[in-house]
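To start, the structure under review is shown below, and the notes come after it.
The values are calculated or read from the model by the stated rules, or taken from the named source; none is laboratory data. All values derive from a computational prediction rather than experimental measurement. With ideal geometry, Cβ positions are generated from the backbone for all residues, glycine too; neighbour counts draw on all protein chains shown.
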Amino acid sequence: MSGGLPVAGVAAVRGAAVRDLRADRGAVVALVLVSGLASAAGLLGPWLLGGIIDTIQAGSGPGSGGVVGVVDRLALGVVLCTVAQVVLRWWALKIGYRFGERTAARVRERFLTRALALPPRAADQLPLGDLIARGSTDASLVAAVLRSAVPEVLVAVVHAVLLIVAVLVLDPLLGLCGLGCLLGVGAAVRWYLRRARPAYLAVADSGAELAEVITSTARGARTVDLLGLRHRRTQVTEAALAQARSARLGALWLRTVLFPWADVSLVVPVAGVLLAGGALYSGGVVSLGAVVTATVYLRQLSGPLDTLMLWIEQLQGAGASYARVEGLAALPGEEPPAPPREPEGGDRIQVANAHYSYTGRRDVLRGIDLVVRPGERLAVVGTSGAGKTTLARLLAGLDRPHTGSVTIGGTVVADLPPERLREHVVLITQDYHVFHDTVRDNLRLARPEATDEELRAALEAVGATWPAGLPYGLDTELGRDLHLDAAGAQHLSLARVVLADPHTVILDEATAQLDPRTARRTERSLAAVLRGRTVIAIAHRLQTAHDADRIAVMEAGRLVELGTHDELVSAGGVYGKLWRTWQSASPDGL
């Protein structure tokens, strides 16, 4: 686990990479073939250069007039091979970059699909900072490497392999000498790779932890100020920063060892072949042209090896990020729903002996039995932590009890597919979501086929006046052309409910983010929209409960009272005490 979320192992990352390559195998094959042709063209140049040297050496002296023509033809061949190599390398990189863009898109879409497929319960418990870091920083790093590293590394690998083969074919002795001198590079890479994965995972983990600290501090800024926790949060942030800095310095130290070692090791093969080649040429074992060609080949080998060394650090960082992105696959997915069937018993909601726990150890709801009649307005009240919001999530089908059941018309609510569930019950909380998209697309989340007239009518129904000032009408892009305040965002959320047209609406302080005047106006508009529907209101203001048909009173995870306002006040129980306390504290006595 990393930052509270799992990290994929080496085998899982390798398997995911192989699947991504297979998904676009045509581009991969084309990339390898074109890279091979580019490398072959690059090999011909030094070979022709060696031919020029041997031709000049053999043809020097009297009667060497024809040598110039041969040399000219060989030189023209060198130029043509160089041009062909440049063009083919450009073509190979073009193929590779396009492959990288398509693969990066697949990685991002796969991550998003997995995140959206998580059960609501699991999604609510995820560390937000770590999830954001994986979907943004890690996914971006993987995408960048797929765009750039994959084509360049493949081209470099093909080129390096062909150069090594060419040196061995040219002269095995010179080839073995050059390869022996490359052992230093292999030792440097081996040393680095044994330490790189843990180091880069530590960098990614510390970055995710820092993001989590900053995110939680920003979201709870008001609480931090009210409780005087600024110094404590500053200490926590500084500790996270120190951990991130230490992790990055650890990874930097690995690079400071790898690159100087590798730079020196890349010069050794050229020097070794020159020394060994000089001795072999003096002994008449090899020709001067062969020594020059082998030297040029090995000098060219430093190019692709330099590329590989430069990318090896990025690949290790991307590998760690790839493991974090793929780690989301290890989270439990949504249980396969039962075959969908329509509720057969009407719109009656029934909770039967429901027990629920977030952790599996302590029940936050215990033995809830409740029947909500079609068309009634039910208020759920209780002190903070009594289980009101948890009950609302069960009624909305976002969670399912581990004991007992929650049904609509005899069908388990949580078994309904999302598109069918919205037609029956919708939960509105004080948390609203505005997507950086047009007003039209934000509203059509609830009903994709809705017309523009229906969208405007839904906004009007919830008392929204801001649509009249939209610069581009429903095509106005929220977050760019217009930034909605809390009231406007909640209007958007309530308008989605109007469009979904469910028979049951659950309100969990849906207007809590609005100022009192706007909240009252929105509630009046919403009351007209909700007429004839079943409404379950999680009431923190008892005036909401006073106006309900019935009131369910929660205490310590149990349903302790159920009845009308007058009945519960007369009984003098939990609700009666809450009502008298609230009434005495209210300025207007209500």
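What to note about this one:
- The set of residues in segment 170-220 being over 16 Å from V268 (Cα atoms) and not in a helix (DSSP H, G or I) consists of D171, G220.
- Test: residue in segment 230-247 that is assigned to a helix (DSSP H, G or I), of a type in the set (D, E, K, R), at pLDDT below 80 and surrounded by fewer than 20 Cβ atoms within 10 Å (Cβ to Cβ): no
- The requirement of being over 28 Å from D171 (Cβ atoms), modelled with pLDDT of 80 or more and in contact with a helix residue (DSSP H, G or I) (Cβ under 7 Å, 6 or more places away or on another chain) is fulfilled somewhere in segment 71-91, by at least one residue.
- Test for P260: is it loosely packed, with under 14 Cβ neighbours inside 10 Å and on the phi < 0 side of the Ramachandran plot: yes
- Residues that are touching a Lys or Arg at 6+ places or on another chain (Cβ under 7 Å) and assigned to a loop (DSSP other than H, G, I, E, B), drawn from segment 446-484: A446, A450, G463
- Taking each residue of segment 531-551 that is in the same structural domain as E509 (by TED's automatic domain parsing) and looking for partners that are at pLDDT below 80 and part of a helix (DSSP H, G or I) with beta-carbon atoms closer than 7 Å, six or more apart or interchain, yields A537/T544; L542/W582.
- Only one of the listed residues (R108, R102) is over 12 Å from the mean Cα position of the chain (by Cα) and either at pLDDT 75 or above or more than 27 Å from G45 (Cα to Cα) (or both). That residue is R102.
- Close Cβ contacts (under 9 Å, 6 or more residues apart or on different chains) running from residues in segment 230-258 that are assigned by TED's automatic domain parsing to the domain that holds Y200 to residues that are outside any helix (DSSP H, G or I) comprise R233/G220.
- You will find that of A290, A323, the residue that is buried (at least 17 other Cβ atoms within 10 Å of the Cβ), in a helix (DSSP H, G or I) and at pLDDT 80 or above is A323 and no other.
- Within segment 119-170, tally of residues that are modelled with pLDDT of 75 or more, within 13 Å of the chain's Cα centre (by Cα) and of a type in the set (A, V, I, L, M): 7
- Residue count for segment 23-70, restricted to those that are modelled with pLDDT of 75 or more and part of a loop (DSSP other than H, G, I, E, B): 1
- Every residue from segment 33-43 that is touching a helix residue (DSSP H, G or I) at 6+ places or on another chain (Cβ under 6 Å) and surrounded by fewer than 19 Cβ atoms within 10 Å (Cβ to Cβ): G36, L37
- Test: E209 is of a type in the set (D, E) and without any contact (Cβ under 8 Å) to a residue 60 or more places away in the chain: no
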